[in-house]
1. Scan segment A:223-241 residue by residue and report those that are without any contact (Cβ under 8 Å) to a residue 40 or more places away in the chain and surrounded by 13 or more Cβ atoms within 10 Å (Cβ to Cβ).
2. Which of (1) farther than 23 Å from A:Asn112 by Cα; (2) away from RNA strand B (no atom under 12 Å from the Cβ); (3) of a type in the set (Phe, Trp, Tyr) is the odd one out, the single condition A:Phe326 does not satisfy?
3. Working only within segment A:406-415, note down all residues that are modelled with pLDDT under 90 and more than 8 Å from RNA strand B (Cβ to nearest atom).
4. Tell me the residue from A:Ser362, A:Ser337, A:Ser312, A:Ser372 that is under 30 Å from A:Lys401 (Cβ atoms), of a type in the set (S, T, N, Q) and near RNA strand B (Cβ under 10 Å from one of its atoms), please.
5. Of the conditions (1) more than 8 Å from RNA strand B (Cβ to nearest atom); (2) open to solvent by less than 80 Å² (accessible area, probe 1.4 Å), A:Lys430 clears all except one; give me its number.
6. Which pairs have Cβ atoms under 9 Å, sit 6 or more apart or on different chains, and link a residue in segment A:129-141 that is on the phi < 0 side of the Ramachandran plot to one that is within 6 Å of RNA strand B (Cβ to nearest atom) and of a type in the set (A, V, I, L, M, F, W, C)?
7. Output the number of the condition that A:Ser389 fails; it satisfies all remaining conditions of (1) in the same structural domain as A:Tyr157 (by TED's automatic domain parsing); (2) in contact with a Leu (Cβ under 9 Å, 6 or more places away or on another chain).
8. Any residue in segment A:18-38 that is open to solvent by 20 Å² or more (accessible area, probe 1.4 Å), under 16 Å from the mean Cα position of the chain (by Cα) and polar (S, T, N, Q)?
Amino acid sequence: MKPALPKGTRDFLPLQVARRKYIFNTIEKTFVKYGFLPIETPAMESLSTLTGKYGEEGDRLLFKILNNGDFLAGADSEALEARDSQKLIQSISKRGLRYDLTVPFARFVVMNQNEIQFPFKRYQIQPVWRADRPQKGRYQEFYQCDVDVIGSDSLMYEAELVSIYSEVFASLGIEVEIKINNRKLLFGIAECLGIEDKFVDMTVALDKLDKISEAQVVEELKGRGIEESITIEAISLIKSDNLKDFTEKFANSETGVKGVEELLKVMDYCKRIGIKDLIFDPSLARGLGYYTGCIFEVVLKKEKYHHISMGSLGGGGRYDDLTDIFGLNDMSGVGISFGAERIYDVLSELGLFPQDVEEMPSAIFLAMDDQSHEMAFDWTMKLRKIGISIDIYPEPAKFKKQMKYANARNFKFALIVGEQERNEGKVALKDLDTGNQELMDFEMLRRKLQK
RNA sequence: GAGGGUAUAGCUCAGUAGGUUAGAGCAUCAGAUUGUGGUUCUGAGGGCCGUCGGUUCGAAUCCGAUUAUCCUCCCCA
């Protein structure tokens with residue numbers, strides 16, 4: 001049979017794995033420094049945990065797992081007869097693959113509330129799955145790196161998370177803008193324009209302003225029943241980057257004022273710790289429905305990387321009612337996520353990966369004959385026992401072949417053992433860059449490889 | 001959900017206006033070379049040309065369908 005991967009999935013070569021680990025490690029190190037603790041949740045969740053949490057579109061993109069055994073025995077025969085897939089699913093699939101890490105986290109918090117201490121600071125780096133149509137930089141299986149704190153409404157945490165963004169991207173060598181806005185401020189705008197019932201439509205459309213023209217936004221909102229004059233007013237409002245302007249406008253919107261206050265507080269925290277790249281952007285909306293307070297998004301610094309087109313490298317925000325649906329109230333939380341796959345693409349395009357991400361032994365034994373191979377094997381194992389990473393060619397094959405292998409795998413040294421070396425109880429250490437060779441006994445070799 | 005591209009050797013891809021036996025590079029193996037690679041030369045193996053159907057004396061090539069995959073829009077990480 002012909003081997004193939006399901007669409008939107010990838011294999012990773014050793015170098016790619018090493019580079020991905022470098023990203024994950026950089027992110028994780030920062031999370032740990034800020035006092036976040038790791039958790040893991042299963043790849044599968046009950047379908048009921050997942051459905052209805054991501055909107056209509058999200059439900060469509062959920063991977064459903066077919067029930068085991070005779071799944072048709074329990075199938076809804078009416079739905080089956082009517083060929084109603086949507087309805088049939090409930091009776092033939094009770095599990096699905098997780099779509100993000102936030103909803104499983106909410107479930108986790110509710111189920112483990114007696115085991116954890118609030119405010120609970122957790123991070124989670126695991127793959128998620130979406131049955132989306134794949135394209136560049138977008139896959140059906142990809143990793144998310146989430147960091148959330150739940151059980152506190154302190155705005156200090158917003159500042160901590162901004163600081164984490166700032167630190168992680170700085171250590172990766174990428175210059176970014178961290179955009180911040182507040183859903184309450186957006187609601188305030190809707191309120192003073194008298195369209196609070198169309199709040200979601202408004203934000204979704206305004207969010208597209210950097211991609212489509214104002215006229216198109218007006219058009220889109222007209223289709224959703226918002227008058228042109230109101231949309232134009234809304235657009236002019238969010239063009240302002242001065243927070244104080246909003247305070248005046250929000251005379252009739254308590255929520256709007258609250259949003260401005262929250263933003264000022266967070267930005268004040270960030271100023272204290274010297275964060276420069278935080279930018280207030282009132283057009284930032286974020287699609288996900290559960291956000292209620294500050295929202296964030298990270299993008300490449302435009303003036304620096306105008307040649308690279310890449311969506312956001314991360315995003316997040318505050319949510320007040322996430323655990324509510326699972327029966328736990330009064331649990332405000334705030335969290336952000338890193339788009340590791342996109343970060344990978346950016347680092348790779350900019351050539352910003354360190355040279356030495358791949359961890360491998362510096363030397364490999366090559367033997368000329370059976371007896372030498374035995375000696376090389378003994379030395380190999382002795383070195384490994386004292387913690388030195390080392391490799392050996394599996395048989396005394398043709399020497400040229402062994403050299404080729406050592407070279408192709410990028411070893412720094414070849415340790416050559418033939419009759420001559422063996423008789424002296426030594427090996428020849430050949431530097432594969434310079435071609436220089438040096439005879440060494442075991443002790444010399446140990447010292448050479450140990451540093 | 002809408003649109004576009006691609007499908008030929010293990011891998012990356014050529015294949016001209018339909019015409020005998022479908023090619024290259026890389027990889028693999030063997031030899032020139034019984035202990036020195038990254039950069040030598042020679043040779044070998046390996047293909048129902050995605051699948052089904054149609055046009056034709058004749059199809060990898062043209063047409064239709066189908067499947068798979070990549071990409072663009074929507075949305076997202």
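1. Matches in segment A:223-241: A:Arg224, A:Ile226, A:Glu227, A:Ile230, A:Thr231, A:Ile232, A:Ile235.
2. Evaluating A:Phe326 over (1) farther than 23 Å from A:Asn112 by Cα; (2) away from RNA strand B (no atom under 12 Å from the Cβ); (3) of a type in the set (Phe, Trp, Tyr) leaves (1) as the failure.
3. Initial filter on segment A:406-415 (modelled with pLDDT under 90): A:407-410.
A:Arg409, A:Asn410 - these are the residues of segment A:406-415 that are modelled with pLDDT under 90 and more than 8 Å from RNA strand B (Cβ to nearest atom).
4. Working: A:Ser362 fails: near RNA strand B (Cβ under 10 Å from one of its atoms); A:Ser337 fails: under 30 Å from A:Lys401 (Cβ atoms); A:Ser312 fails: under 30 Å from A:Lys401 (Cβ atoms).
Criteria check complete, one pass: A:Ser372.
5. (1) is the only condition that A:Lys430 fails.
6. A:Trp129/A:Phe142; A:Arg130/A:Phe142
7. Tallying (1) in the same structural domain as A:Tyr157 (by TED's automatic domain parsing); (2) in contact with a Leu (Cβ under 9 Å, 6 or more places away or on another chain), A:Ser389 fails exactly one: (1).
8. yes
The values are calculated or read from the model by the stated rules, or taken from the named source; none is laboratory data. All figures in this text were calculated on a predicted structure; none of them were measured in a lab. Every residue, glycine as well, gets a Cβ built from its backbone with ideal geometry; the counts of neighbours run over all protein chains shown. Each accessible area value is taken on the protein alone, full model and side chains, heavy atoms only, with ligands, DNA and RNA left out. Shrake-Rupley method; radii C 1.70, N 1.55, O 1.52, S 1.80 Å.
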